Amino acid sequence: MRIFGESGRRENGRKRFALPRIARSLAMPRLSAAPIALAPEEESELQRLVRAQKTPRSLAERAEMILRSAAGTSVREIARQLDVWPKTVRIWRARWLAGPTQAPIVLRLTDAPRSGAPATFAPEQVCAIMALACEKPEDSDLPLSHWSQSELAREAVRRGIVDSISHGSVGRFLKRSRPQAASRARLAHAQAGP
């Protein structure tokens, strides 16, 4: 690998020698991050977020990034101190600078909305399906002792709760609420006695 070499260009009849690639990269000025200036109210609010024990970790970390940036600490140094990637620091600095200054600080430091498909079922529909699962199948004139996911899906469509639903979706709803249902079942069993 040859680092040193001639460029081969001629200027004013003389051959010009190129700087070594390594020396050239070190000689170029580094771009520094845009400075962040904080109003006293912003600084006190950011410090409050960092110190509060109930603040979510991600929000406190982002507030700390902005405070350290305003103090003049470099992006790489902030990343090293907070044990995050420099790209993460750059992203939150850029969002802070691009965000509206009138917006509340918590909103300026929250995640951007995620892309993706909208929810297929409204929370009311999910609650109605969960309530249906709590009913006895005999109350719906079905010859069943317990609900299955498929039967719950069919009954939800028959009652007009949803237009269509798969048994897998019903299973996900039930699984999401399982810890509460399991503890209630244990409680009912304990109250029933031996």
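Summary table below
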read-out: Approximate spin-label separation Ala94-Lys175, in nm, with each point projected 7 Å along Cα-to-Cβ; value: 3.6 nm
read-out: Where GluC sites (Glu not before Pro) fall in DSSP loop in the stretch 46-142, at most 15 other Cβ within 10 Å; value: Glu135
read-out: Kirkwood hydrodynamic radius over Cα pairs of the stretch 40-108, then Stokes diffusion coefficient at 37 °C and 0.692 mPa s, in µm²/s; value: 271 µm²/s
read-out: Net length gained if the chain between Thr110 and Leu142 were fully extended (0.36 nm per residue, minus Cα distance); value: 6.7 nm
read-out: Sparse-neighbourhood loop sites, trypsin sites (Lys or Arg not before Pro) in the stretch 56-140 - DSSP loop, at most 11 other Cβ within 10 angstrom; value: Arg114
read-out: Distance from the stretch 79-116 to the stretch 145-161 (C-alpha centre basis), Å; value: 45 Å
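Throughout, read-outs are computed from the coordinates displayed, never taken from laboratory work. Note that the structure is predicted; figures quoted are calculated from it, not measured. When we count neighbours, we look across all protein chains shown, and the Cβ atoms used for this are built from the backbone with ideal geometry, even at glycine.
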